[in-house]
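The values are calculated or read from the model by the stated rules, or taken from the named source; none is laboratory data. Remember, it's a predicted structure, so these values are computed and weren't measured experimentally. Here the Cβ is made from the backbone with ideal geometry for all residues, glycine too, and neighbour counts use every protein chain on show. Note: accessible area is taken over every heavy atom of the protein model, side chains too, but ligands, DNA and RNA are not part of it. Shrake-Rupley method; radii C 1.70, N 1.55, O 1.52, S 1.80 Å.
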Amino acid sequence: MLYAIISDIHANAEALKVVLDAIDREKIEQIICLGDIVGYNAEPNECINIIKQRNIPTILGNHDAVACELEEPWGFNAVALPAILWTRKELTEDNKEWLQRLPDTLNFGDFAGVHGAPKNHNTYIFTWEDVHPFLYFFEEQNTNLCFYGHTHIPVILSSDGTYSPDDDGTFKMKKGKAYFINPGSVGQPRDGDSRAAFGILNTETNTYKQIRVEYNIEITARKVLEASLHPFLAERLQHGR
């Protein structure tokens, strides 16, 4: 089966539409969203509505949780805080209620998905050492594969080391090995590549393919400025930081 894995859209409707167009050109059977549909950028309702219309199974992200008032923005920095408070005011009540119903974990048999770390969407995972406290999760979910987001940085982690996909974007997973895979961010990449990121899992070949697509950053940046959000949020999109 072919799955498309998306994460960290962050209210960037322009990037989301381009990513979904790219996904539609593949023979994808299911799209999964690892959370943070909202935050930072200026089109939270538009992005939620697209996800809802396409019935995409979605996990609750940390920005989603604060935006829908399940949590308070403790620890949000000086740029993220006003953006998430702005998002709270912009969201429709229907969309807030929809976010409030999102799960913390999804399990599709061949793999599980979380936003940050298992059972904690505020925790960052950058290395396999960061995975160690959550190794129990593989047995709990009866799988050797977990997709996660939150860092906005594509990476493949296993006990063998840290991997990047091959030149053609494809990584062959070893049977019996455990992996944590981050597909990167649709709406706010932070790995120095400004293109939107997502991944494709092929459960028949046990392969993962990292995909990058260009989108019109200027449109998203302009909308950020028009909404009077922090100019840094517009600028960072150009640099993938």
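If I build a Gaussian network model for the chain, linking alpha-carbon pairs within less than 10 angstrom, which residue out of R25, R212, R195 has the largest mean-square fluctuation? Maximum fluctuation in the GNM of the chain, among the listed residues, is at R25. Please list, or write none, the lysines whose alpha carbon is within less than 23 Å of the alpha carbon of K96, excluding same-chain residues fewer than 8 places away. Straight-line reach from K96, under 23 Å: K17, K52, K119, K223.
With q set to 0.12 Å⁻¹, the log10 of I(q)/I(0) for region 1-127, from the Debye formula over equal scatterers at the Cα positions, is -0.42.
Counting alpha carbon pairs within less than 8 Å and at least 6 residues apart, what relative contact order, in whole percent, applies to region 9-70?
42 percent
Note on L2 and Y136: the model spin-label points, each 7 Å out from Cα along the C-beta direction, lie 3.9 nm apart. Relative to the longest principal axis of the Cα atoms of the chain, the long axis of helix 13-24 makes an angle of roughly 30 degrees. Looking at the chain, the accessible area is 44 square angstrom per residue; that uses a 1.4 Å probe and ignores ligands, DNA and RNA. Distance from the Cα centroid of region 66-88 to that of region 96-148 is 22 Å (rounded to whole angstrom).
Counting Lys and Arg as +1 and Asp and Glu as -1 over every other residue whose Cβ lies under 12 Å from the Cβ of R241, the net charge comes to -1.
Read through the labelled values [x] 21.4, 77; [y] 16.7, 50; [z] 23.6, 92 and report the label of the one computed as Rg and Dmax of the Cα atoms in Å from the structure. Checking each listed value against the structure points to [y]. If you sort R222, R236 by accessible surface, 1.4 Å probe, largest first, the order is R222, R236.
In a DSSP loop and with at most 16 other Cβ atoms within 10 Å, the chymotrypsin sites (Phe, Trp or Tyr not before Pro) in region 44-145 are W74, Y124, F126.
Here the accessible area of region 1-95 is 47 percent carbon and sulfur, with a 1.4 angstrom probe and all protein chains present. Set the Cα radius of gyration of region 196-236 against 2.2 N^0.38 Å, with N its number of residues, and you get 1.77.
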